[in-house]
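Student: What follows is a structure written as structure tokens; I'll ask about it next.
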Amino acid sequence: MDHAADAHRTDLMTITRFVLNEQSKYPESRGDFTILLNHIVLGCKFVCSAVNKAGLAKLIGLAGETNVQGEEQKKLDVLSNEVFIKALVSSGRTCILVSEEDEEATFVEQPKRGRYCVVFDPLDGSSNIDCGVSIGTIFGIYMVNDSHEPTLDDVLQPGKNMLAAGYCMYGSSCTLVLSTGEGVNGFTLDPSLGEFILTHPDIKIPKKGKIYSVNEGNAKNWDGPTAKYVEKCKFPKDGSSSKSLRYIGSMVADVHRTLLYGGIFLYPADKKSPNGKLRVLYEVFPMSFLMEQAGGQAFTGKQRALDLVPNKIHERSPIFLGSYDDVEEIKALYAAEEKKE
Ligand code: AFP
């Protein structure tokens, strides 16, 4: 990207303008999706501002157990959840909401009920907040079958049925990455304008990468194919260079790097967690959707991740996602293992 030229740009593609442009391709569209997305964007801006202030608030003594009014201070993940739930309900376009923070799904009552189901993790990677590491919000959007009679089955659909997915990363800049099923685009928040501006049009993940990303502390409990794959990354036998290891422990940040630089992100099953750690609906599916839309792949160790049909809203699954060729390698190792059995 030409940053010098960028500084003089006067024709700014905001996220709203971008989605409205997309919408104009569908004359039957009523603008509901644009309205929904505007409410998600509002939630992201609020959380971005709260995350930015978190460190400062602590330093100047505002983030104790109680605030100046004697009220208990809300933890950032709880606060973010409330903000998103309220923003989504008030959009008047949602029907069922599934949040990482809430055990049960929220069914939106009439007259605020709309046609979209939103699954989301309001603040993923929240154990990283206190050390200032990038964290993020992840979301996926489905269409309800019948808005008069919404049921949990409307959100227990395979990821390939999602209409859109994205994440917002609260890092050195605030970046929102979105796919509505026609490629992937990244928008960066311009704090002076309060607008997300298209900065990463049509993101394509490199076909093969030089980075692997995994919590190697779990290695002693891995299964054969995962162990073999990571061994290959470190000690390739085909004369290629070893891959570099990068692991932040915050899925949004690890996936964002993978999307831009290529490589593979793994959260495999292990003996202690046979289903892995990451949640299907609001971690595995949205990130797999984005990866496929950017030309990469996402695999569970058994199948294409987006083909998985969840049985429970907080279900977990192992996940391997990233550059097409890198995921192809791990698929081959699992296929070989299956043949042996
Ligand atoms: P927290 O929200 O508890 O920080 O968990 C973050 C996360 O769900 C995901 O963002 C990371 O990729 C993954 O967990 C890291 O897990 P490990 O700490 O086990 O590596």
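The values are calculated or read from the model by the stated rules, or taken from the named source; none is laboratory data. Being a predicted model, the structure only gives us computed values, none of them experimental. No Cβ is skipped: glycine too gets one built from the backbone with ideal geometry, and neighbour counts run over all protein chains shown. Side chains are part of the model used for accessible areas, which takes the heavy atoms of the whole protein and leaves out ligands, DNA and RNA. Shrake-Rupley method; radii C 1.70, N 1.55, O 1.52, S 1.80 Å.
Student: Rg and Dmax of region 166-250, using alpha carbons, in Å: what are they?
Tutor: Cα radius of gyration and Dmax of region 166-250 are 17.5, 51 Å respectively.
Student: Rounded to the nearest 5, what % of the DSSP beta bridges within the chain are antiparallel ones?
Tutor: Values: 43 of 53 bridges.
If we restrict to bridges inside the chain, about 80 percent are antiparallel.
Student: Go through region 272-289 residue by residue and turn each phi into a ³J(HN,Hα) via Karplus (6.51, -1.76, 1.60, θ = phi - 60°); whole Hz please, and just put x for glycine and proline.
Tutor: 7, 10, x, 9, x, 10, 7, 7, 4, 5, 10, 10, 5, 5, x, 5, 5, 4
Student: Ok, one more. Relative to the compact-globule scaling 2.2 N^0.38 Å, provide the ratio for the alpha-carbon radius of gyration of the chain.
Tutor: On the way: Rg = 20.3 Å, N = 341, 2.2 N^0.38 = 20.2 Å.
Against the empirical 2.2 N^0.38 Å value, I get 1.01 for the chain.
Student: If one takes the longest principal axis of the Cα atoms in the chain, at what angle in degrees, from 0 to 90 and to the nearest 10, does the Cα axis of helix 251-261 lie?
Tutor: 70 degrees
Student: So what's the back-of-envelope 222 nm ellipticity for the chain, counting only DSSP H runs of four-plus at -39500 (n - 2.57) apiece and dividing by all residues, rounded to 500?
Tutor: Numbers: 8 runs with 105 residues, N = 341.
Calculated mean residue ellipticity at 222 nm is -10000 deg cm²/dmol.
Student: Contact order normalised by length for region 211-339, with contacts defined as Cα pairs under 8 Å and 6 or more residues apart; what percent is it?
Tutor: Numbers: 205 pairs, mean separation 36.5, N = 129.
Computed over region 211-339, the figure is 28 percent.
Student: Measure nothing but the geometry: give the 0 to 90° angle between the long axis through the Cα atoms of 324-340 and the longest principal axis through the Cα atoms of the chain, rounded to 10°.
Tutor: 50 degrees
Student: A further question follows. Starting with the highest mean, order 242-252, 164-174 by the number of other Cβ atoms within 10 Å, averaged over the residues of each peptide. Let's see the in-between values first.
Tutor: On the way: 242-252: 18.0, 164-174: 23.4.
Sorting 242-252, 164-174 by mean packing, highest first, produces 164-174, 242-252.
Student: Under a Cβ-Cβ limit of 4.7 Å, which cysteines in the chain have nobody to pair with?
Tutor: C95, C117, C131, C233, each lacking another Cys Cβ under 4.7 Å.
Student: Let me ask you something else. So for region 15-200, Kirkwood radius off the Cα pairs, Stokes-Einstein at 4 °C and 1.567 mPa s: how many µm² s⁻¹?
Tutor: Working: Rh = 17.3 Å.
The diffusion coefficient I find is 75 µm²/s.
Student: Using a 1.4 angstrom probe on heavy atoms only, work out the carbon and sulfur share of the accessible area of the chain in %. Please list the in-between numbers first.
Tutor: Details: 8560 of 16550 Å².
Carbon-and-sulfur percentage of accessible area, whole number: 52.
Student: Then there is this: Semi-axes of the equivalent ellipsoid of region 75-173: what are they in whole Å, largest first, if each equals the square root of 5 times a C-alpha gyration tensor eigenvalue? Numbers along the way, then the final one.
Tutor: Numbers: eigenvalues 134, 40, 24 Å².
They are 26, 14, 11 Å, listed largest first.
Student: So how many Å³ per residue does the convex hull of the Cα atoms of region 279-323 work out to?
Tutor: Numbers: hull volume 2.5 nm³, N = 45.
Taking the convex hull of the Cα positions in region 279-323, it is 56 Å³ per residue.
Student: Rg to Rh ratio, region 211-339, alpha-carbon atoms and Kirkwood radius?
Tutor: Numbers: Rg = 13.5 Å, Rh = 14.6 Å.
Radius of gyration relative to Kirkwood radius: 0.93.
Student: Oh, and also: For E101 and V78 in the same chain, what is the full-extension length gain: residue separation times 0.36 nm, less their Cα-Cα distance, in nm?
Tutor: Working: separation 23, 0.36 × 23 = 8.28 nm, distance 0.72 nm.
Value of the extension gain: 7.6 nm.
Student: Among the aspartates and glutamates, which have Cα under 15 Å from the Cα of K53 when same-chain residues fewer than 8 positions away are ignored?
Tutor: Filter leaves D77, D130.
Student: Output ³J(HN,Hα) for region 173-187: one whole-Hz value per residue in order, computed from phi by the Karplus curve 6.51 cos²θ - 1.76 cosθ + 1.60 with θ = phi - 60°, and x for Gly and Pro.
Tutor: Per residue, the Karplus-derived 3J(HN,Hα) values read 10, 9, 10, 10, 10, 9, 10, 10, x, 10, x, 10, 10, x, 10 Hz.
Student: Okay, moving on. Tell me, what is the percent relative contact order of the chain, built from C-alpha pairs under 8 Å that lie six or more residues apart?
Tutor: Details: 665 pairs, mean separation 50.6, N = 341.
Relative contact order comes out at 15 percent.
Student: Still on this structure: Compare the peptides 24-37, 290-303, 183-196 by average per-residue count of other Cβ atoms within 10 angstrom and give them in order, highest first.
Tutor: 290-303, 183-196, 24-37
Student: Might you tell me the accessible area per residue for region 137-195, computed with a 1.4 Å probe and given in Å²? Walk me through the intermediate numbers first.
Tutor: Working: 2170 Å² over 59 residues.
Using a 1.4 Å probe on heavy atoms only, each residue of region 137-195 averages 37 Å².
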